[in-house]
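Written out below as structure tokens is the structure these notes cover.
The values are calculated or read from the model by the stated rules, or taken from the named source; none is laboratory data. A quick note: this is a predicted structure, and the numbers were derived from the prediction, not measured. Because the Cβ atoms are built from the backbone with ideal geometry, glycine has one as well, and the counts that use them run over all protein chains shown.
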């Protein structure tokens, strides 16, 4: 935008010069903007005076959460009490200087604050606005409360992430992270870039604003492979299969002598022949029960029993080494310790040590994804303290430090 202020010098990355305003909290919107910030965008995160509640999630050291160090990285934090009447004008001024606004309030909440799309675009008609919510901006569930776990359940993922029917009476297993929120954030980031391309493309840009409506439920559903097409054509409902996959065998996690597990994916004909030979049972490759993928799927219980009988004779590291030498896809199941020490992650910069003043030792961060080889993003700073950049950002709007302090005293900041 022509009147965009000149913020503090930015690091590299293909999105350097792009300005994003985040009115987000918890996971979905902040994850979206972190992806953009990692690639160089100048993200201004608006938080309530007490900070985004997600700052208190996870384990803490003297009140600081290591997760926030990564979740909030590369952003500039501004505190603003959106319930205060004077806050509206500041938000509109921030929106005037932005390319993109991302928010994940309940549908209609910004409108009730006087910050609907029309108001946000009053002085910036090209502003791209991304709304992230549980069920979307319309439909019968629009106003229902939702978090990532709700999106995962409604989108079909929670049903499939379980042990096979009849093997346990425990609740359906949850994936160990807020994957529904993160998927929505990822789709929002993708949609934002599509909207910016259509607006700004050198040869075909139309200069027009676009509004994105990203639902957690929709984002999960879009990842569910053949679940919906198979039901529509065949009337069959895909069911949970535990460690296996329903379309190819053998693919599962198998027990080892030392109590650990090894994941093996020998689910093509050549790979299965290699595995059978490695197990010392080459004749199994031609056994009618296992001669092709449909046969292996029909006899998967016996197939997995035979493979597990072999893996139980080896420690997990030994099994992985043998499988690697045979060029069969396999891996140990990593915990945080294995991830942190992994030489592949380390060499690619996907595990990085980041200095953070909130902690006495460097914090391990996941690297920047995607890796743009010719113009990589970087970790410019860890998640900042609440309101660390309030005076700086408001100063770019022409609000002096004395006025900032006055606004703070009034409870606006």
Inset, instruction - Determine, yes or no, whether residue 259 is on the phi > 0 side of the Ramachandran plot, at pLDDT 95 or above, outside any helix (DSSP H, G or I) and out of contact with any strand residue (DSSP E or B) (no Cβ under 6 Å at 6 or more places or on another chain). - result: yes
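Would you pick out the residues in the range 365-379 that are under 18 Å from residue 340 (Cβ atoms) and crowded, with 16+ Cβ neighbours inside 10 Å? Break it down into steps so the answer makes sense when it comes.
Taking the range 365-379 and keeping what is under 18 Å from residue 340 (Cβ atoms), we get 365-369, 379.
Result: 365, 367, 368, 379.
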Inset, instruction - Within the range 176-192, track down each residue that is under 9 Å from the mean Cα position of the chain (by Cα) and crowded, with 24+ Cβ neighbours inside 10 Å. - result: 180, 181, 183, 184, 185
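Based on this model, can you work out whether residue 346 counts as part of a loop (DSSP other than H, G, I, E, B), within 21 Å of the chain's Cα centre (by Cα) and either surrounded by 12 or more Cβ atoms within 10 Å (Cβ to Cβ) or not assigned by TED's automatic domain parsing to the domain that holds residue 68 (or both)?
Details: part of a loop (DSSP other than H, G, I, E, B): no; within 21 Å of the chain's Cα centre (by Cα): yes; either surrounded by 12 or more Cβ atoms within 10 Å (Cβ to Cβ) or not assigned by TED's automatic domain parsing to the domain that holds residue 68 (or both): yes.
Criteria not met by residue 346.
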Legend entry - Of the criteria (1) touching a residue at least 60 places away in the same chain (Cβ under 8 Å); (2) surrounded by fewer than 18 Cβ atoms within 10 Å (Cβ to Cβ); (3) farther than 30 Å from residue 47 by Cβ, which one residue 301 fails: (1)
Inset, instruction - Considering (1) touching a helix residue (DSSP H, G or I) at 6+ places or on another chain (Cβ under 7 Å); (2) modelled with pLDDT of 95 or more, say which one residue 172 fails and leave the rest. - result: (2)
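Are any of the residues in the range 279-294 part of a helix (DSSP H, G or I), touching a residue at least 40 places away in the same chain (Cβ under 8 Å), over 30 Å from residue 66 (Cα atoms) and not assigned by TED's automatic domain parsing to the domain that holds residue 60?
Just the residues of the range 279-294 that are part of a helix (DSSP H, G or I), to begin with: 282-286, 293-294.
From the residues that got through so far, the ones that are touching a residue at least 40 places away in the same chain (Cβ under 8 Å) too are 293.
Those left that are additionally over 30 Å from residue 66 (Cα atoms): 293.
Next, only the ones that are not assigned by TED's automatic domain parsing to the domain that holds residue 60 stay: 293.
Yes, that holds for at least one residue.
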Inset, instruction - Check 356, 320 and return the single one that is touching a strand residue (DSSP E or B) at 6+ places or on another chain (Cβ under 6 Å), part of a loop (DSSP other than H, G, I, E, B) and buried (at least 16 other Cβ atoms within 10 Å of the Cβ). - result: 356
Inset, instruction - Could you figure out which of (1) under 30 Å from residue 259 (Cβ atoms); (2) in a loop (DSSP other than H, G, I, E, B); (3) more than 20 Å from the chain's Cα centre (by Cα) isn't true of residue 331? - result: (2)
Inset, instruction - List every residue pair whose Cβ atoms lie under 8 Å apart, where the two residues are 6 or more positions apart in sequence or sit on different chains, the first residue falls within the range 159-181 and is within 26 Å of residue 29 (Cβ to Cβ), and the second residue, located anywhere, is at pLDDT 90 or above and loosely packed, with under 15 Cβ neighbours inside 10 Å. - result: 161/173; 161/175
